[in-house]
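What follows is one structure encoded as structure tokens, with my remarks underneath.
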Amino acid sequence: MLRLSPFSWRARRRDWYTQLTDSSIRKRIIRLLLMLLMLMACHVIAIVVLEDFTVWDAIWLTITTVTTVGYGDMSAQTVAGQLATVLFLYIAGISLLAQLVGEYVDYRIDRRDRMLRGRWSWKKMNDHLLIINIPNSHSDTYLQRLTQQIRITPGIEDIAIQLLTPNYPDGLPIGLREMGVVHRSDQVNNMGALKAANAHQARFIILLADDPYDLRSDSVSIDVLDHLQEMKTPAFIVAECVNDENKSRFNRMGADAILRPIRAYPEILVRAISAPGSEQILENLFTHQGVYAKRFDVTLGDQPWGQVASKLLLSGIGTPLGYMNTENQLVLNPSTSDCAESKAIFLLVDHDKEYSLAEVLECIEG
């Protein structure tokens, strides 16, 4: 468990004061509204008694007067009724209404400002995608690419996205806001911040490492996973792990998919959500120990792609991916009946199995 830094402690106190201010504004608005309603009720009673109006006529006169609309279709005729209107509405009611409107406008402005700066708790947000932490370099570009990939992925293209990070205290970049991303500006390993970001109601959680080369990033991630486990969140969690030795710990603490930080390809994170397990295949392509794509300069001749692929699979040489045609265009997953001329084929092979070009040619021609 990590200790909260002094900055975290000050941020929590600032949140408390912010919430207190917000609560005070709402209480003032409610108090002013109740006072205004009481004055209007007193005026209605006075008009009914002094002017012999019906209750509805008295209510209509009160509303049109306090809002300064003044249709003139009816008015108090007796001196007592007129004095009641002056006392309850002209002197007190209209002033209270103006003050109430001013407080409400201030509240809406303050509310929007806190939304933009990430100080707002999105209490009604659920079944969303929560991104915890951001990269410490080129974060704007990375997050925009990640969000763009989410927005074009079937099944999650319309999901609400919330970002939890101490960065962006003055607001998210306009590009992210235009794609519907909101954020909570707070420390990521803070239980209160995770609750404020509705981590316990999220459908997916992406836990990023801020520094892909610093092993200490895993400590922060482990702390976050511990909080999420304590919250019993039902979310599918995708976590970045800097040190491979920590992957088993991540898994025990509830991470469903664990990846090395690959900053050049944020799309892999989205693959982990839309097709769990595919991220491991993609990650292996970047390591020597895994499978990798290899090029063999052979031609298909007149054989259809389906026949060539079957021969290669049955021989155990590798999994056919596609071919390069004579115009240097890569054709992936061709049709089984495709007989287009090729100058090379690409196979997915194991790193510990080396096959020569002659063996591949023999397999295809045989």
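The values are calculated or read from the model by the stated rules, or taken from the named source; none is laboratory data. Owing to the predicted nature of the structure, the values given are computational and were not obtained by experimental measurement. Backbone-built Cβ (ideal geometry, glycine too); neighbour counts: all protein chains shown.
Answer with yes or no whether Val69 is in the same structural domain as Val101 (by TED's automatic domain parsing), on the phi < 0 side of the Ramachandran plot, surrounded by fewer than 15 Cβ atoms within 10 Å (Cβ to Cβ) and at pLDDT 90 or above. Here the answer is no, as Val69 does not meet what is asked. Only one entry in Glu240, Glu245 is buried (at least 21 other Cβ atoms within 10 Å of the Cβ), charged (D, E, K, R) and without any contact (Cβ under 8 Å) to a residue 60 or more places away in the chain, namely Glu240.
Checked against (1) touching a strand residue (DSSP E or B) at 6+ places or on another chain (Cβ under 6 Å); (2) surrounded by 20 or more Cβ atoms within 10 Å (Cβ to Cβ); (3) farther than 18 Å from Ala193 by Cα, Ile159 passes all but a single condition, namely (2).
Taking region 109-156 as the range and being touching a Lys or Arg at 6+ places or on another chain (Cβ under 9 Å) and of a type in the set (Ser, Thr, Tyr) as the test, the residues that pass are Ser121, Ser137, Tyr142, Thr153. Considering the conditions (1) outside the structural domain of Val182 (by TED's automatic domain parsing); (2) in a helix (DSSP H, G or I), Met74 is excluded by exactly one of them, (2). Give region 302-337 a look and list any residue that's of a type in the set (D, E, K, R) and either at pLDDT 85 or above or surrounded by 13 or more Cβ atoms within 10 Å (Cβ to Cβ) (or both), or say none. Hit for region 302-337 is Lys311, nothing else. Restricted to region 265-283, and to residues there that are assigned to a helix (DSSP H, G or I) and in contact with a helix residue (DSSP H, G or I) (Cβ under 6 Å, 6 or more places away or on another chain), the residue that is surrounded by the fewest Cβ atoms within 10 Å (Cβ to Cβ) is Ser278.
Would you tally the residues in region 334-364 being outside any loop (DSSP other than H, G, I, E, B), touching a residue at least 40 places away in the same chain (Cβ under 8 Å) and not basic (Lys, Arg)? Of the residues in region 334-364, 13 are outside any loop (DSSP other than H, G, I, E, B), touching a residue at least 40 places away in the same chain (Cβ under 8 Å) and not basic (Lys, Arg).
Selection of region 170-205 for residues being in a loop (DSSP other than H, G, I, E, B) and not small (Gly, Ala, Ser) yields Asp170, Leu172, Pro173, Met179, Asp186, Gln187, Val188, Asn189, Asn190, Asn198, Arg203.
So that you can scan it fast, the table gives a plain yes or no per residue for (1) assigned by TED's automatic domain parsing to the domain that holds Ile258; (2) in contact with a Ser or Thr (Cβ under 7 Å, 6 or more places away or on another chain); (3) farther than 25 Å from Arg119 by Cβ:
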| position | (1), (2), (3) |
| --- | --- |
| Gln144 | yes, no, no |
| Ile161 | yes, yes, no |
| Asp211 | yes, yes, yes |
| Thr233 | yes, no, no |
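Note on region 120-139: residues that are outside any loop (DSSP other than H, G, I, E, B) and within 14 Å of the chain's Cα centre (by Cα) amount to 4. Against the conditions (1) in contact with an Asp or Glu (Cβ under 6 Å, 6 or more places away or on another chain); (2) in contact (Cβ under 8 Å) with a residue 24 or more places away in the chain; (3) not assigned by TED's automatic domain parsing to the domain that holds Leu332, Ser274 satisfies every one except (1). Which residue is modelled with the lowest pLDDT, if the candidates are limited to region 11-58 and must be over 30 Å from Leu164 (Cβ atoms) and either basic (Lys, Arg) or not assigned by TED's automatic domain parsing to the domain that holds Asp106 (or both)? Looking at the filtered set, the residue picked out is Arg28.
Please go through region 166-189 and give me each residue that is under 19 Å from Ala255 (Cβ atoms) and not aliphatic (A, V, I, L, M), ordered by number.
Matches in region 166-189: Asn189 only.
Do the conditions hold for Val224, that is, is it assigned by TED's automatic domain parsing to the domain that holds Asp140, of a type in the set (Val, Ile, Thr), in contact (Cβ under 8 Å) with a residue 40 or more places away in the chain and surrounded by 22 or more Cβ atoms within 10 Å (Cβ to Cβ)? Criteria met by Val224.
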